[in-house]
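> What follows is a single structure, and I will ask about it in a moment.
Laboratory data are not the source of any read-out in this text; all were calculated from the coordinates shown. Just so it is clear, the structure is predicted and the values come from calculations on it, not from any experiment. Cβ atoms come from the backbone with ideal geometry, glycine included; neighbour counts cover every protein chain shown.
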Amino acid sequence: MKEIPEDAYPVERLTPEELQIARGQNVAELNRRSTTRILTIQQTRQYPNVIEISYGIFSQVLPLEVKDKVKPGTKIVVVHQSEEILSPIEGVYVLGENLKEKLPSS
């Protein structure tokens with residue numbers, strides 16, 4: 001089996017200035033005791049069948065179908081089973097989707 005170097009997979013990152021801001025926000029959010037955290041994606045790496053997202057010191061893989069929705073700088077909501085940061089993740093959601101639309105006045 002031919003080994004593929006890790007650099008062969010596309011990586012997207014924030015600029016150094018954006019990364020510094022995102023790191024500060026992510027560290028503050030990860031230190032908060034909560035089951036729900038709003039985090040900023042700092043880096044993505046696309047593999048043949050999954051996309052890996054990194055935020056703070058954590059990363060996880062998601063289905064490749066979400067690659068157009070998760071880019072560096074995207075805000076995500078990570079829901080854990082408990083307030084402990086290492087507790088199992090129940091869900092990952094993208095912020096920015098319209099959840100309620102104002103209906104036109106009649």
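> Can you give the percent of C-alpha pairs in segment 6-94 whose distance is more than 21 Å? Walk me through the numbers before you get to the answer.
Working: 1083 of 3916 pairs.
Counting pairs separated by more than 21 Å, the tail of P(r) holds 28 percent.
> Let me ask something else about it. What does the charge count near residue 87 come to, summing +1 for each Lys or Arg and -1 for each Asp or Glu among other residues with Cβ under 13 Å from its Cβ?
Working: positive: 33, 37; negative: 83, 84, 90.
Charge balance near residue 87 sits at -1.
> Got a sec? How would 15, 44 order by Cβ neighbour count within 10 Å, fewest to most?
Ranked by crowding around the Cβ, least crowded first: 15, 44.
> In addition: Write out the trypsin sites (Lys or Arg not before Pro) in segment 1-70 meeting two conditions: DSSP loop, and at most 16 other Cβ atoms within 10 Å of their Cβ. Present the calculation step by step, with values, prior to reporting the outcome.
Values: sites: 2, 13, 23, 32, 33, 37, 45, 67, 69; in loops: 2, 32, 33, 67, 69.
Here the sparse-neighbourhood loop sites are 2, 32, 33, 67, 69.
> Under the rule of at least 5 residues apart or a separate chain, name every residue whose amide H is placed under 5 Å from the amide H of residue 94.
Those qualifying (amide H under 5 Å, at least 5 residues apart or on another chain) are 77.
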